[in-house]
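Shown next, in structure tokens, is the structure this report addresses.
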Amino acid sequence: MNSELLLEIAKQLPVTPGCYLFWGEHDNVLYVGKAKSLRDRVSSYFRLIDKLSIKTQALVKHIERITFMDVDSEHSALILENNLIKEHNPKYNIRLRDDKTYPYMEINLSEEYPRIMVVRRPKFSEGKRYIFGPYVSGTDVRSVARALNKSLRLRGCSLQEFHRRKHACILYEMKQCLAPCEQKLEEGEYAQRIQYAIDFLGGIGRKRESALAFLKREMREAAEREDFEFAASLRDNIKLLNHWRKYYGPNQIRTEVEQLLVSSGGMEGKSVDIVSYAIHEIAVDIVVYEIRKNLWMGHKHFFFARKECEGDLQEEISRLLSQYYDTKSEERVVISELLPLADQSMVQIQRASLLLKIANRETQKIQEERIKRLSDFAQGLLSLQRILNLQKVPERIECYDIAIWQGKSPTASQVVFIHGTPAKELYRYFHLKERPEGNNDFLMLEEVLTRRLHNIKSCGEHPDLIVVDGGRGQLSVMRRVVLRLKLAIPVTAIAKAKSKAKYDALYVPDRKNPYSLAKDRSLSVLLASMRDEAHRFSRQLHHKSEERRQFHSLFDGISGIGARTKEKILRQFRGEYRDLQKYSAEELAKEWEITLAAATQILERVASTLL
């Protein structure tokens, strides 16, 4: 709708507190806001449009109608705004984004034979788990988890694979696993080794030293029996663990907070959240530190761009906290400088200045680390603009990857990065055609790009740059598609280094030799993260598609199972085809209403596939 017409509508609104809703052309709520004076606030959107932020200008262009609700006070408007946002989930309102950058190490004691896992979204409330972290570097954490698993000879396979395994794997022969799948261990031995891992990761002083002393003893015993290869492996792992513990000693904030909670009295055994926030010129970071039964469990980190908030920052943070705690059912004590908006019986507000001082100090560090990463990404984007001779810094970058194995179940992924960070809500999968010649990366890439870009002029977001995992051949395919569709979208390709001694290369249109990413670390990290994310996402769908294809093939050519029965089975059975091993032929025949001979044949095929 015309902004002048919208301004005339806004002038008719009352001069009272309330909430206003901007609606789009598809009768969807674009934005919910609150105001002391509905007339003044809503009119401000349509008077000086050029002075609004880019995001708000985009919002104004899409407004088709305005509705409002007036209330008796500003506080009531604040609570109503919060409820309306939860109801409508508007596109243009500020949303808390979860920073999942920091990895944790997790040991799940509810498993029969636990292992050390690296996770980015630890499940603090599920089962008996030890969770350690967060840590800054994901690579270091994986190295340490691998070193501990191998040195203590813990289970390394997934739970599903462990239950399926009938014989010890090669890791047992290599002395990197105790083979609990075959019960090749003494009673209590595995539990003791898991305890050593817990002591090393979470203990201090003697506890941590006891774990290293055990490994050193194992190393000496291996050397005495002349098992020098195993002794050397332990020596290298001990060296790595010693180096790592210097940087990740006892968590200072965890120790301080746990001691304060014990000494404060009245909080023993309770669930406590310490909510802290840090305001930077470009962003606001909110961190929730979680303490359960006087034990530090880690933190949850959220953030939003400061430019997204055009009203009072502290009011906006309070509203977001209310949204966060509305989804929580567990009773807890919340220590915060800001109160959530609504009265909630599950949340008890307590002010503890010393705890908040510690939390604020830590939140400041977390924000500085995140903004440093953002500045690295920004530098990488500037390098892309310079190397590709772009008119502006690319904001929306799409990266594509093809996944295929032996010509079967070909899939592709489209991952989207906005301002150098992943926008997972915009990711997209593509199921591709199987081709008679099998693997044909170039034709499949052409199919994906054609499908993505064919109707881009009439619908869909326009990428500022397209990146593909590949070399000169993939670059030529992209250019051909873009030219055929008469689009002016820049393209480039990143080729992975063939050895550790070499560096990734960037293939640029109209440049004879590729650009070596050894020259620019920020650009290298940015492009590698895009390529790896596209690779991960495409493999995820490919594995699902291949699994489903194999499941389909189990029923091909079996007498008594036609197309209708097959479709019925596929609708009923939601597990993986490997899960069929759990059933007898009689159970399958009864469940699926097929003959016993057909059920027996299916199980025989499953068994032969898994050999």
Summed side-chain charge close to Pro509 - residues other than Pro509 whose Cβ falls under 13 Å, Lys, Arg +1, Asp, Glu -1: +4
Karplus (6.51, -1.76, 1.60) ³J(HN,Hα), θ = phi - 60°, over the stretch 597-603, in Hz, Gly and Pro reported as x: 5, 5, 5, 4, 5, 4, 5
Cut-off under 5 Å, modelled amide H: who pairs with Ile489 long-range: none
Counted charge near Phe68, where neighbours are those whose Cβ lies closer than 14 Å (Asp, Glu -1; Lys, Arg +1): +3
Only Lys, Arg (+1) and Asp, Glu (-1) charged, at Cβ; the stretch 379-450 dipole about Cα centre in debye: 220
Relative contact order computed over the stretch 152-198 (Cα-Cα under 8 Å; 6+ residues apart), in percent: 44
Modelled FRET efficiency - R0 56 Å, Asn360 with Glu604, Cβ distances, 0.05 increments: 0.30
Sum of side-chain charges, Phe200 neighbourhood, beta-carbon under 13 Å (Lys, Arg +1; Asp, Glu -1): +4
Distant-in-sequence amide H partners of Arg332 (H built 1.01 Å from N, under 5 Å): Gln348
Sites matching trypsin sites (Lys or Arg not before Pro) across the stretch 365-451 that sit in DSSP coil, with at most 11 neighbouring C-beta atoms within 10 Å: Lys392, Lys433
Rounded, prolate or oblate (a/c below 1.5 giving rounded, otherwise prolate when a/b exceeds b/c) for the stretch 203-244 by Cα gyration tensor: oblate
Where labels lie 7 Å past Cα in the beta-carbon direction, separation of Gln540 and Asp556 in nm: 2.9
Which listed pairs, of Lys498/Lys519; Lys184/Lys498; Lys128/Lys568; Lys372/Lys424, have C-alpha distances above 29 Å, in listed order: Lys184/Lys498; Lys128/Lys568
Above-threshold pairs, the threshold being 21 Å between Cα atoms, out of Lys34/Lys55; Lys166/Lys590; Lys300/Lys365; Lys150/Lys496; Lys55/Lys392; Lys91/Lys486: Lys166/Lys590; Lys150/Lys496; Lys91/Lys486
Shape category assigned to the stretch 147-226 from the gyration tensor of Cα positions, a/c cut at 1.5: oblate
Shape call, the stretch 420-497: gyration tensor on alpha carbons, a/c limit 1.5: rounded
Difference of contour (0.36 nm per residue) and Cα-Cα distance, Ile170 to Asp376: 70.0 nm
Ordering of 43-54, 274-285 by packing [mean C-beta count within 10 Å, highest first]: 274-285, 43-54
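Just so you know, all these numbers are worked out from the coordinates, no wet-lab data involved. Fair warning: this is a prediction, and the values are worked out from it, not measured in the lab. All Cβ positions, glycine included, derive from the backbone under ideal geometry; neighbour counts span all protein chains shown.
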